[in-house]
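First comes the structure, then the notes that go with it.
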Amino acid sequence: MNGPITFRENARADVDPMQGIFTSQFNRIAGGLVDEAPVWILDTTLRDGEQTPGIALSIDQKIQIAQALDELGVDVIEAGFPITSNGEAEAVKRVASLGLNARVCGLARCRKEDIDAVLGCGVDYVHTFIATSDTHLKYKLKMTRDQVMEKAVSMIEYAKDHGATVEFSCEDATRTDLEFLKAMHVAVQEAGVDRINVPDTVGVIAPSAMEYLIGELMTVTKVPIAVHCHDDFGLAVANSLAAVQAGARQVHVCVNGLGERAGNAALEEVVMGLLAFQGRRTNVHTEKIGSVSKTVSRITGYPIPHNKAVVGNNAFAHESGIHVHGVQGDPSTYEAFSPELVGMHRNIVMGKHSGAHSVKEKLKEMGMDLPPDQLTEVVEAIKHLAESGKEVDEAELVALSNAIAGMKGIERMVSLEEFAVFTGANITPTAMMALNIDGEVHKGSEIGIGPVDAALKAIKSVAGDMDLEEYRLDAITGGSDSLCEVTISLRDDRMDKRSVGRSVGADIIQTSVEAAIEAVNRLFISRKG
Ligand code: KIV
Ligand code: ZN
């Protein structure tokens, strides 16, 4: 069923780990940078992450997340805790049968029935755990230290006898008596364990203490050490990095920092922190981090906080004139690392701190070039709106600029000649589109999930290389005859350009088409500039 543990060594040796990262030179002086073998990432989004209050994933959702994690390049996917329910076991079974590059593991208490449940899913990597702190022994397990040790040893032997790769965790390790913890490590090693995880189950250790603890455990542990940190004091990532600094070889993480209570160490922060502060590679394709974070957020229904490190909307957003000016001179002035490294984009945000320079750049990015007097008017209007508490997003900026500049701000290269949409019951929605581009009529047709989808795809098929970044539909008045407002953002990744179009009307399909064509016009213009 399994072979020896195989993990990729230096799979990403092609990448210069420090390119595009602009951290403090004191990290190097303090001896933080050591370039050694890659650190393995065990992702537990599907297990500890699913224990986040309010998250329950269907089998299909688990499969989608597992596939995304595999493409991201994590080494191990903890797919679930099979003994907990038939549905959970089925999900783990299905993930295990996907034929992923990542190893798939299942969680088991130190009990035969738990281990059988993992093995019964066709999984050959068992992560088994038992609590070892006196608090857990007394109030939860009602067992002695000797009994706990005996249980762990016999269950590891049982799993090994069944051919599994076994990772073992002393639950609540960071509140366990050090001598007993060391004795546990020695005993489970003798039982044949492959890897020992050190969980900070309640998130109660500080980074310096974690470094000390792992250093101590390294003196008796010959198999690779992993860490599993919770974020109760907001230190999960710092503790994980400290553990690696002291010799840990694997880190347990969850995408977006999901997990029990305050969550686990966030995958995106650990991976980038290891690179930036310790020069340590992982097998993660960092440029996929942004999209995997969004996928997990969409599927779990857990929003990514705007100010979340690495993957939040604001992580690479700049509002104040001074910062925008600096970043335009050289991004390293106000960015710790390049957004492209993690598949994110720089964003110039309009607000009360915006200066004429940033507004001009932002408008240019969206295909509008205003003369200085109109630009000053737009800046004043933005500040006025922002001070009265109104958010000035890209669509708002476009509307404002249109109002001030009339349509002079937009040169039109693309206009609608005709379109038709066919939809109804038992018919695949289909759209036909004819656009006049620079005086020449181009036609195309597409099918879609609905009529709007078909129409937007037809526009794309005619207008060419661009992706729909965002589609927003707002009802302006109530009732079935209400006006709707559609905002569409388009992106051209090849040329790193984006644009926004907005339209208001009574017919959702027509209004969507108009907004899309406005955005297409702006994209065409910004490509020229
Ligand atoms: O936090 C924890 O201790 C765990 C164990 C199962 C490793 O999640
Ligand atoms: Zn945990």
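The values are calculated or read from the model by the stated rules, or taken from the named source; none is laboratory data. All values derive from a computational prediction rather than experimental measurement. Positions of Cβ are generated from backbone atoms using ideal geometry, with glycine treated the same way; all protein chains shown enter the neighbour counts. These area figures cover heavy atoms from the full protein model, side chains too; ligands, DNA and RNA do not enter into them. Shrake-Rupley method; radii C 1.70, N 1.55, O 1.52, S 1.80 Å.
Residue check: is V284 of a type outside the set (D, E, K, R), in a loop (DSSP other than H, G, I, E, B) and within 20 Å of D70 (Cα to Cα)? Against the criterion (of a type outside the set (D, E, K, R), in a loop (DSSP other than H, G, I, E, B) and within 20 Å of D70 (Cα to Cα)), V284 qualifies. Pairs linking a residue in region 176-205 that is closer than 17 Å to A226 by Cα and of a type in the set (D, E) to a residue that is modelled with pLDDT under 95 and away from ligand 2 (no atom under 16 Å from the Cβ), with Cβ atoms under 9 Å and 6 or more positions apart or on different chains, are D194/P4; D194/I5.
From the list V244, V284, V251, V310, the one residue that fits, being under 15 Å from the mean Cα position of the chain (by Cα) and either in contact (Cβ under 8 Å) with a residue 60 or more places away in the chain or within 16 Å of ligand 2 (Cβ to nearest atom) (or both), is V284. Residue check: is D172 in contact (Cβ under 8 Å) with a residue 40 or more places away in the chain, of a type in the set (D, E) and over 18 Å from V76 (Cβ atoms)? Against the criterion (in contact (Cβ under 8 Å) with a residue 40 or more places away in the chain, of a type in the set (D, E) and over 18 Å from V76 (Cβ atoms)), D172 qualifies. Within the span defined as region 493-509, one or more residues are assigned to a helix (DSSP H, G or I), in contact (Cβ under 8 Å) with a residue 12 or more places away in the chain and under 20 Å from N436 (Cα atoms).
Of all residues in region 321-339, those satisfying the criterion of being part of a loop (DSSP other than H, G, I, E, B) and either in contact with a strand residue (DSSP E or B) (Cβ under 9 Å, 6 or more places away or on another chain) or outside the structural domain of K383 (by TED's automatic domain parsing) (or both) are Y334, E335, A336, S338. Among the conditions (1) under 16 Å from V166 (Cα atoms); (2) more than 14 Å from ligand 2 (Cβ to nearest atom), the only one that P199 does not satisfy is (2). For region 84-113, filtered to residues that are over 25 Å from the mean Cα position of the chain (by Cα) and under 16 Å from N197 (Cβ atoms), the residue that is farthest from ligand 1 (Cβ to nearest atom) is C110. For region 239-260, the tally of residues that are buried (at least 21 other Cβ atoms within 10 Å of the Cβ) and away from ligand 1 (no atom under 15 Å from the Cβ) stands at 5.
You will find that of P53, P17, the residue that is in contact with a Leu (Cβ under 6 Å, 6 or more places away or on another chain), modelled with pLDDT under 95 and not assigned by TED's automatic domain parsing to the domain that holds F337 is P17 and no other.
Does Y158 qualify as being away from ligand 1 (no atom under 15 Å from the Cβ) and touching a residue at least 12 places away in the same chain (Cβ under 8 Å)? Answer is yes for this residue. When M218, M272 are checked against the criterion of being more than 16 Å from ligand 2 (Cβ to nearest atom) and under 21 Å from V76 (Cα atoms), a single residue qualifies: M272.
Selection over region 126-152 of residues that are exposed (fewer than 14 other Cβ atoms within 10 Å of the Cβ) and within 15 Å of ligand 1 (Cβ to nearest atom) gives a count of 2. Scan region 442-455 for residues that are within 12 Å of I508 (Cβ to Cβ) and assigned to a helix (DSSP H, G or I) and the total you get is 4.
Filtering region 302-329 to residues that are open to solvent by less than 60 Å² (accessible area, probe 1.4 Å) and farther than 23 Å from R261 by Cα leaves A315, F316, A317, H318, E319, S320, G321, V324, G326, V327. G263: out of contact with any Lys or Arg (no Cβ under 6 Å at 6 or more places or on another chain), farther than 15 Å from P38 by Cα, assigned by TED's automatic domain parsing to the domain that holds I65 and away from ligand 1 (no atom under 13 Å from the Cβ), yes or no? Judged against the criteria, G263 is not a match. For S291, the conditions (1) open to solvent by less than 40 Å² (accessible area, probe 1.4 Å); (2) within 16 Å of the chain's Cα centre (by Cα) are fulfilled apart from (1).
Being surrounded by fewer than 22 Cβ atoms within 10 Å (Cβ to Cβ) and in a loop (DSSP other than H, G, I, E, B) is the filter here; which residues of region 354-396 pass it? Scanning region 354-396 gives G355, D369, L370, P371, S388, G389, K390, E391, D393. Checking the stated criteria, K182 turns out not to satisfy the condition of being open to solvent by 40 Å² or more (accessible area, probe 1.4 Å), away from ligand 2 (no atom under 14 Å from the Cβ) and in the same structural domain as S154 (by TED's automatic domain parsing).
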